[in-house]
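Written out below as C-alpha cells is the structure these notes cover.
The values are calculated or read from the model by the stated rules, or taken from the named source; none is laboratory data. Treat the numbers as computed from the prediction; the structure is a model and nothing was measured. Using ideal geometry, Cβ is built from the backbone for each residue, glycine included, and neighbour counts are taken over all protein chains shown.
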Amino acid sequence: MATSKVKEKFNWPVTILLLIGLVSVLFPLYMTVVIAFKSPTEMTTSIEGILSLPQTWSLDNFAKAIEVTDFWHSLLNSVLITAATIGISIVVHSLVAYAIGRNMASRKTFRFSYFYIVSGMFVPFAILMLPLVKETAQLHIDNPVGVVLLYVVFYMPMNVLLYTGYLKNIPVALEEAARVDGSTTWSTFWRIIFPLMGPMHATVAVLTALGTWNDVMTPLVIMSGNINTLPLAQLTFQTQFGTNYNLAFASYLLAMLPMLVFYLFAQKKIINGVINGAVK
Amino acid sequence: MHFGKNMRTYYLILIPVLVLFFAFNTFPLINGLIYSFTNSKGYGGFDWVGLRNYADLFSDSRVGNSYLFTFKLALLGTVVINVLSLVLALALNSKIKFKSSLRGLYFIPNILGALVVGYVFNYFFTYILPYLTHSTSMLADKGWAWVAVVVVCAWQAIAMNTIIYISGLQTVPEDIYEAGALDGASGWNKFRYLTFPLIMPFFTINMVLSMKNLLMVFDQIMSLTQGGPAQSTESISYLIYNNGLAGGQFGFQSANAVIFFIVIVTISVLQMRFLNSREEQL
C-alpha cells in the first residue's frame, strides 16, 4: 500500500555524506590532472599554486612524457602482454578445467591434479621470484613471452577453480547427446561447452586483465628493466622525471588513462566480473 | 573403445598443462628451497651451508624489522579496510540517489595501478599534507611512514572490499528485515543480529583477501618509501627483492622466502578455519 511512496523517498543525509566522501576518491585524481597540465613555472611553493586549475591547458607535458618514457612502446608491450595472457588463459584454463571437472569424481589422477593446481594459490610471487629469474634467463624467455607464460601459470589456480565451479552447473546430458551423434571430446568442448562458459570467460578476462595490466613485480624482475610495460615505465624513468613533477604527473596520467577509459565503457562488466570471481 | 579415446583426449589436455604448471610453479619453489641451504650470491659458485641461513634469519634485525612492519601493516590495514568498506557498503546499499554512479565512482581506485597511485600519494604526503598540518612529511618520519603506507593500501583495497560487501548485502532477503522490524530490531541491533551474520561468508572472503594482499605488499613500498626512512617500511617482499637480487643475498633471502611462504599458508589456513567455524555457529 505504502510501498510506492517509500520507494520514491531517497535517504538524502546518506546520499550527501557519500557525495562528500567522494572527495577522498576524486581528490588524488584531480591533483593528478591539474599538475599534469601545468607548466613548472605555475607551481609556486604555495598550495594554491599546486592545486589551482592550470592557466592554460597545455599538452606540452604529455608530448614530452610520451617522448621521455617511450610511451608507445610501453603501451604496446602492455597491450600485447595483457591480451595474450587473457586469450591463452581463457582457452587453456577452460580446457583443463573441463578435463578435470568431468573426471574428478571418477578418477584420482584428475582429483589430485585439481588440488595440486588450486593449492598454487597460496604460493606468492615473492617466493618464486628469485629462482624464476634464473630459470627464465637460462631458458632465454626473460622477455614478454616469458612474462605471459608466467601469468598463465600464476592465474591458473584461480581460473581453474572458477571454471570447474561453473562447469558443475552445465548438465552432462548435453555432452552425452553430442557423443551419441559421434562427436569427439575435443569437438564437444569447442561446440558446446566453451560457448556455454561465456559468463565465466568474462569474469576470467576481467580478473586476469586487472591483475596483469597493473602488475609491476613480474615484468620488473623477469625483464629486468630492459623492456617496459606501462606501469613499469613509471618506475624505470623515475630518475628522468627528476623534480619536474608536471612531467611525471603527465606520465602517470597517461599510464592511468587506458584503464580509466576502458572502465568508463565496461564498468558494469568489470564490477560484475570482480564480484563473480570473489564470491565463487 | 570409444570411452578409451575420450580419456586419451582428457589426458592429452591435462598432462601438458601439469608439466607447464610444474615447470613454473613447483620447480622454482623446490629450487628456492634448495638455494636456501646455500650461500649463493645469485651468480658464480656457491657452497652448501646447511641450516645456517635459517639460523641467521632469526638473529638478523633487518629481517625481524621487515616482519614486524609487514604484520603491523597487515593487521591495522585489515581492520581499517574492513570497517570502512563495510560502512561504505551499507551506505551504498541504502536508498540513496545516484546509486549506480556513486558505486561506479567509489570503485575507481581498484582499477588503477598500485605503483602509479603510490607515486601520486607520495607527492601528496610530501608537498600537500605537510602544508595543511604544518609539519614535516609523514614519509620522512620513522614513526609515521608506515601509517602512510596503510592509508595508500587502504585507499585501493576499500574499493574492492566494498563491492564484495555490497554483493553480500544484496543476498539478504528483504522480508528478513520486515520480520526483524516486527521484533523491534533497528539500527545497530539490526546490523549486529540480522545483517552481519547473514553476510559472514563475505566477511571471511574480505578478511582473507585483504590480509593476504597486505602481507605481500610491494608496489606501494616501491613508489612511496623504498623501504625508508631508516628501513622502517621494508616489507618482506621488498626485502627479498632488494637484497636477494641486487644485494648478493640470493641464498639467504631464499631462506627468508621459504619462511615467508610457510607464514602466509599458516595465516590463511588459520583465518579460514577460524572464520568458517564462526560461520557455522551463526
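Taken over the stretch A:66-104, the criterion of being within 13 Å of chain B (Cβ to nearest Cβ) and either free of Cβ contacts under 8 Å to residues at least 12 places away in the same chain or outside any helix (DSSP H, G or I) (or both) is satisfied by A:69, A:91, A:99, A:103, A:104.
Within the stretch A:260-267, one or more residues are part of a helix (DSSP H, G or I), hydroxyl-bearing (Ser, Thr, Tyr), at pLDDT 85 or above and farther than 16 Å from residue B:123 by Cβ. Restricting the stretch A:224-234 to residues that are farther than 12 Å from residue A:77 by Cα and touching a Ser or Thr at 6+ places or on another chain (Cβ under 9 Å) leaves a set whose member that is surrounded by the most Cβ atoms within 10 Å (Cβ to Cβ) is A:234. Could you list all residues from the stretch A:235-255 that are surrounded by fewer than 23 Cβ atoms within 10 Å (Cβ to Cβ) and closer than 16 Å to residue B:222 by Cβ? Of everything in the stretch A:235-255, those that are surrounded by fewer than 23 Cβ atoms within 10 Å (Cβ to Cβ) and closer than 16 Å to residue B:222 by Cβ turn out to be A:235, A:236, A:237, A:238, A:239, A:241.
A search for C-beta distances below 8 Å between a residue of the stretch B:220-234 that is closer than 24 Å to residue B:113 by Cα and any residue that is in a loop (DSSP other than H, G, I, E, B) and of a type in the set (A, V, I, L, M, F, W, C), counting only pairs 6+ apart in sequence or on different chains, returns B:222/A:216. Of the residues examined, residue B:41 is one that is touching a helix residue (DSSP H, G or I) at 6+ places or on another chain (Cβ under 8 Å), touching a residue at least 24 places away in the same chain (Cβ under 8 Å), among the basic types (Lys, Arg) and within 13 Å of chain A (Cβ to nearest Cβ). Tally up the residues in the stretch B:238-248 that are facing another protein chain (nearest Cβ under 7 Å) and in contact (Cβ under 8 Å) with a residue 60 or more places away in the chain, please. Within the stretch B:238-248, residues that are facing another protein chain (nearest Cβ under 7 Å) and in contact (Cβ under 8 Å) with a residue 60 or more places away in the chain number 2.
None of A:235, A:210, A:264 is at the interface with chain B (Cβ under 8 Å from one of its Cβ atoms), free of Cβ contacts under 8 Å to residues at least 24 places away in the same chain and of a type in the set (A, V, I, L, M, F, W, C) except A:235. Residue count for the stretch A:176-197 satisfying the condition of being free of Cβ contacts under 8 Å to residues at least 40 places away in the same chain and either in a helix (DSSP H, G or I) or among the basic types (Lys, Arg) (or both): 14. Candidates are the residues of the stretch B:249-270 that are polar (S, T, N, Q) and touching a residue at least 60 places away in the same chain (Cβ under 8 Å); the one that is surrounded by the most Cβ atoms within 10 Å (Cβ to Cβ) is B:256. Quick one: count up the residues across the stretch B:204-227 that are under 15 Å from the mean Cα position of the chain (by Cα) and either at pLDDT 90 or above or at the interface with another protein chain (Cβ under 8 Å from one of its Cβ atoms) (or both). So the count comes out to 16. Selection of helices (runs of 4 or more DSSP H) fully inside the stretch B:112-170 by the criterion of at least 1 residues being under 29 Å from residue A:212 (Cα atoms) and at pLDDT below 95 returns B:114-123, B:145-169. Could you tell me whether any residue of the stretch A:196-206 is crowded, with 20+ Cβ neighbours inside 10 Å, under 23 Å from residue B:8 (Cα atoms) and either touching an Asp or Glu at 6+ places or on another chain (Cβ under 9 Å) or within 13 Å of chain B (Cβ to nearest Cβ) (or both)? No, that holds for no residue.
Residue count for the stretch A:136-157 under the criterion of being of a type outside the set (Val, Ile, Thr), surrounded by 20 or more Cβ atoms within 10 Å (Cβ to Cβ) and within 12 Å of chain B (Cβ to nearest Cβ): the result is 8.
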